[in-house]
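K.L.:
Handing you a structure now.
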Amino acid sequence: MKVSIITATFNSAGTIRDTLACVQSQEHPDIEHIIIDGQSGDQTLSIVSEFPHVAAVVSEKDHGIYDAMNKGIARATGEVIGILNSDDLYVDQRVIAEVAAEFEDPAVEATYADLQYVHQEDISKVVRTWKTGLYNKKKFYYGWMPPHPTFFVRRKVYERVGLFDTSLRSAADYEMMLRILLKHEAHTRYIPRVIVKMRSGGMSNASFRNRLKANQEDRIAWKLNELKPYFFTLYAKPIRKISQFIIK
């Protein structure tokens, strides 16, 4: 089973080598790694060229990271698609093999797992752990969501439900998972372990202003899918992160 992994890059020279190396080292024999670059001005593309496992590189102007992800999905030929950010990495060599094994069950349309936030400069230092647990669609109403870098989806699901909504700047991944899991009720399976390390920081968490903007976009995500959250749902979403600092 071919698994396509999409990595969007833009001036990612400081971290992309770790991302490329972790994909190259995977034990699964059929991986298509696609790099969608936003015309980086640093050494990103030079570093990418050092890794022969990369199946395709596209470098051109885009309209943000979700536009780049859409380009990657449109180009992907794998039966299963995952998205790995240019500063994230898989925790070990078995990750993609384990994901592919779950999709051997034809009923499975999506999988997700746990994630660790790690220190920007020292990825051995765990800042917090995002432990998700078994899926129940009611959890979305209590602020739950799976970590997007751990989320793998059959390509035919994207063909059925569509691509990322690029009008959303920070909540497009949340909206996509609402669309796939809650609105379209795709059959999903939880892999009960950490499979991705994510360097701490990020667009929606960088400041109070960005968190407020993300909350507003979360509301739009529900509206776009004609879903109605509970009055406390979107306040519960950031509050749930507190437990991530307790579990390490």
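K.L.:
Counting only DSSP beta bridges with both residues in the chain, tell me the antiparallel percent, nearest 5. Show your work: numbers first, answer last.
P.N.:
Working: 12 of 37 bridges.
Of those bridges, close to 30 percent are antiparallel.
K.L.:
For every helix of n ≥ 4 consecutive DSSP H residues, a contribution of -39,500 (n - 2.57) applies; sum these over the chain, divide by its total residues, and give [θ] at 222 nm rounded to the nearest 500 deg cm²/dmol. Walk me through the numbers before you get to the answer.
P.N.:
Details: 9 runs with 75 residues, N = 248.
My calculation for the chain gives -8500 deg cm²/dmol from helical runs alone.
K.L.:
For the pairs LYS2/LYS228; LYS71/LYS183; LYS61/LYS138, note any where the Cα-Cα span goes beyond 31 Å. Please list the in-between numbers first.
P.N.:
Working: LYS2/LYS228 37 Å; LYS71/LYS183 24 Å; LYS61/LYS138 39 Å.
Too far apart for the 31 Å limit: LYS2/LYS228; LYS61/LYS138.
K.L.:
Where does the charge balance sit around LEU224 when Lys and Arg score +1, Asp and Glu -1, over other residues with C-beta under 15 Å from its C-beta?
P.N.:
Numbers: positive: ARG169, ARG179, LYS183, ARG219, LYS223, LYS228; negative: ASP165, ASP173, GLU175, GLU217, ASP218, GLU226.
Here the count lands on 0.
K.L.:
What list of ³J(HN,Hα) couplings, whole Hz, do you get for the range 10-21 from phi and the Karplus terms 6.51, -1.76, 1.60, once you set θ to phi - 60° and write x for glycine and proline?
P.N.:
7, 6, 9, 4, x, 10, 5, 4, 4, 5, 4, 5
K.L.:
Considering the Cα positions of the range 3-246, please state its Rg to one decimal place and its Dmax as a whole number of Å.
P.N.:
Gyration radius and largest Cα-Cα distance of the range 3-246: 17.0, 50 Å.
K.L.:
Something else about it: Quick one: order LYS125, LYS228, LYS237 by neighbouring beta-carbon count within 10 Å, fewest to most.
P.N.:
Values: LYS125 13, LYS228 10, LYS237 19.
Ordered by Cβ neighbours within 10 Å, fewest first: LYS228, LYS125, LYS237.
K.L.:
Something else about it: Using θ = phi - 60° and the Karplus curve 6.51 cos²θ - 1.76 cosθ + 1.60, what whole-Hz ³J(HN,Hα) does each residue of the range 154-170 get, with Gly and Pro shown as x?
P.N.:
Running phi through 6.51 cos²θ - 1.76 cosθ + 1.60 with θ = phi - 60° gives 5, 4, 5, 5, 4, 5, 7, 9, x, 9, 5, 7, 6, 6, 8, 8, 10 Hz.
K.L.:
Could you line up SER49, SER12 from fewest to most neighbouring Cβ atoms inside 10 Å? Write out the running numbers ahead of the final one.
P.N.:
Working: SER49 11, SER12 25.
So the residues, fewest neighbours to most, are SER49, SER12.
K.L.:
So what does log10 I(q)/I(0) come out to for the range 125-200 at q = 0.18, 0.25, 0.28 Å⁻¹, using the Debye formula with one equal point on every Cα and no solvent?
P.N.:
Treating every Cα as an identical point scatterer, log10 I(q)/I(0) equals -0.82, -1.40, -1.53.
Quick note: the coordinates plus some simple rules give every number you see, no bench work behind them. All values reported here derive from a predicted model rather than from experimental measurement. Counting neighbours? That spans all protein chains shown, and the Cβs are built from the backbone with ideal geometry, glycine included.
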